[in-house]
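What follows is a short report on a single structure.
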Amino acid sequence: MGTLTTFTDEAKIALDTLADRTSALVSPSLRLGVTGLSRAGKTVFITALVHNLIHGGRLPLFQAQKSGRIARAYLEEQPDDAVPRFQYEDHLKALIDDRIWPESTRAISELRLTIEYESASMWNRMFSGGKLSVDIVDYPGEWLLDLPLLGKSYSEFSKDSFELAQLASHRDVATDWINVATSVDADAPADEMLAQKLARTFTEYLKAGKADEMALSTLPPGRFLMPGDLDGSPALTFAPLPGLSDAKHRSGTLAAMMERRYEAYKTHVVKPFFREHIARLDRQIVLVDAMQAMNAGAAAVADLERALTEILSCFRPGSTNFLTGLVQRRISRILVAATKADHLHHESHDRLQAIVRRLVDRAISRADFSGASIDVLAMAAVRTTREATVSQGREVLPVIVGTPLKGETINGETFDGKTETAIFPGDLPAKPDSIFEAPDRSANDPAIRFVRFRPPKLERTAQGITLSLPHIRLDRALQFLIGDRLA
Ligand code: GDP
């Protein structure tokens, strides 16, 4: 009898393991990273994507949906207990009920969307359960810009930061910090108040560069701009110091204190982020606000190009040696998407796409992307405008019509947030290269006339059913990012 029990117990364990394995087989999952610099449109993108899938939105270029093979899509409990949940319901309420833009991404969050589908191929129908869980991971692109720090000592980081601050585009906003930094003695005894003052003025400099008119794309350390839950911790209370030698700093000095905190930042913040999150991604979308940079002029465009190059290099572990130890699996599909294309007439969408392609050209040629497909797209996760034409004398101008946000202005006119208005947005340059030559622009002479619109009012069908959020090419993005897994 005894042996029999043992036998059944063992059999059960064996069966359990088998069940685990088969459940992993029949309900596969895919981790989709969503990133981009702050205000690029991550929160809006995820909300619109999930809403369109759950409510069967109009997605003609998303094959599985178009051919009616998606049985249903729904939210499920996310697999990682230690990561905050992406607050889909709150964001959706803001967009749809209140018609205001949701709160933007400030830290990492996650959401699991499960799709039940019928595979198009007989073979796949036999071997997969027709269920795919997409784990959407939303995180600030600023955090990716920390990767190069892993290969830099504190002295090197300091030297590089001072060099960047000397660039014509940075100098003005860096003055206060440089004045403080050049007045301190790195060999003087460590002083917490002084450390805080240096960190504060350095952070203010980094933040000032991000203001709308400057639109510079962020310098590391990324958490200084997007601290997440680390605000005020010692790992974030450091700053570069001028004139450091490569020799070891005498213990007890300001330089030694700053160096220790810089190293702690790398060990306790940067490395775990890459190991626990970036290393587990299968697919990635990088959102870009190219129009904002173009409106600010050539310096902002060059800066955006630099930031994108660094961001993309994070996804190809082969190209950066300090990543190889952290990353085992490689991201197989990367989409770089310029969002907010609803600010342009559709005649300009292809131009926007060509500009984004130009922005990532250098990044793609530099890193080794073999084995990964990269695509570029101009889209709008939420479409806030419709198109029309306006005749002016003999000319017929293509315009966009939407409700500008309260307080937005154009040509001296201030909007009340209620009135629909037709706007001629202007044309994007036909030659992508010209965006690198445009002079730095003033607020009165933008490349494209840009006002922020309110989220759209959702249409209802004759039967009273509310239609899902309108978009531009969101279906193409979906097809590229997950379409193959639903084939
Ligand atoms: P995040 O910081 O990347 O999470 O950026 P958000 O998703 O919060 O987007 C920042 C802002 O960009 C929003 O508040 C909107 O004003 C605007 N925005 C984002 N996506 C779109 C879009 O598809 N169309 C339009 N018209 N505006 C958008």
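The values are calculated or read from the model by the stated rules, or taken from the named source; none is laboratory data. Since the model is a prediction, treat every value here as computed from it, not as a measurement. Here the Cβ positions follow ideal geometry from the backbone for every residue, glycine too, while neighbour counts run over all protein chains shown.
How many residues does region 102-155 hold that are within 16 Å of the ligand (Cβ to nearest atom), among the acidic types (D, E) and either under 20 Å from S313 (Cα atoms) or not in a loop (DSSP other than H, G, I, E, B) (or both)? Write out each step before concluding.
Taking region 102-155 as the starting set, the residues that turn out to be within 16 Å of the ligand (Cβ to nearest atom) are 102-111, 136-145.
Still in the list and also among the acidic types (D, E): 103, 110, 138, 142.
Adding the requirement that they be either under 20 Å from S313 (Cα atoms) or not in a loop (DSSP other than H, G, I, E, B) (or both) leaves 110, 138, 142.
Qualifying residue count for the region: 3.
It is to be established whether one or more residues within region 460-469 are modelled with pLDDT of 90 or more and in a strand (DSSP E or B).
At the first step, the residues of region 460-469 found to be modelled with pLDDT of 90 or more are 469.
Subsequent filtering for residues that are in a strand (DSSP E or B) retains none.
The answer is no; no qualifying residue exists.
Within region 194-202, can one find any residue that is surrounded by fewer than 16 Cβ atoms within 10 Å (Cβ to Cβ) and either acidic (D, E) or in the same structural domain as T35 (by TED's automatic domain parsing) (or both)?
No, that holds for no residue.
Criterion first (farther than 23 Å from R58 by Cβ, of a type in the set (A, V, I, L, M, F, W, C) and surrounded by fewer than 13 Cβ atoms within 10 Å (Cβ to Cβ)) does A422 satisfy it? It would help to see each step written out before you state the result.
Numbers: farther than 23 Å from R58 by Cβ: yes; of a type in the set (A, V, I, L, M, F, W, C): yes; surrounded by fewer than 13 Cβ atoms within 10 Å (Cβ to Cβ): no.
It is false that A422 is farther than 23 Å from R58 by Cβ, of a type in the set (A, V, I, L, M, F, W, C) and surrounded by fewer than 13 Cβ atoms within 10 Å (Cβ to Cβ).
What pairs can you find where one residue is in region 401-418 and touching a residue at least 24 places away in the same chain (Cβ under 8 Å) and on the phi > 0 side of the Ramachandran plot, the other is within 13 Å of the ligand (Cβ to nearest atom) and not in a loop (DSSP other than H, G, I, E, B), and their Cβ atoms are less than 9 Å apart, with a gap of 6+ or different chains?
Sorted first by the residue in region 401-418, then by its partner, the pairs are G417/P404.
Please pick out the residue among E89, E103, E76 that is over 20 Å from D135 (Cβ atoms), modelled with pLDDT of 95 or more and exposed (fewer than 14 other Cβ atoms within 10 Å of the Cβ). Before you say what the answer is, go through the steps one by one.
Numbers: E89 fails: over 20 Å from D135 (Cβ atoms); E76 fails: over 20 Å from D135 (Cβ atoms).
From the options E89, E103, E76, the qualifying one is E103.
Just need a number here: residues in region 37-49 that are in contact with a helix residue (DSSP H, G or I) (Cβ under 7 Å, 6 or more places away or on another chain) and surrounded by fewer than 23 Cβ atoms within 10 Å (Cβ to Cβ).
1
Can you find a residue in region 239-252 that is over 15 Å from the mean Cα position of the chain (by Cα) and part of a helix (DSSP H, G or I)?
Our first condition is that a residue be over 15 Å from the mean Cα position of the chain (by Cα); within region 239-252, this holds for 239-252.
From what is left, the residues that are part of a helix (DSSP H, G or I) are none.
No, every residue in region 239-252 fails to be over 15 Å from the mean Cα position of the chain (by Cα) and part of a helix (DSSP H, G or I).
Filter region 11-53 down to residues that are in a helix (DSSP H, G or I), of a type outside the set (G, A, S) and at pLDDT 95 or above, then give me how many there are.
To start, the set of residues in region 11-53 that are in a helix (DSSP H, G or I) comprises 11-26, 42-53.
With of a type outside the set (G, A, S) added as a condition, the list becomes 12-13, 15-18, 20-22, 25-26, 42-47, 49-53.
Then keep just the ones that are at pLDDT 95 or above; that gives 42-47, 49-53.
Selection size over region 11-53: 11.
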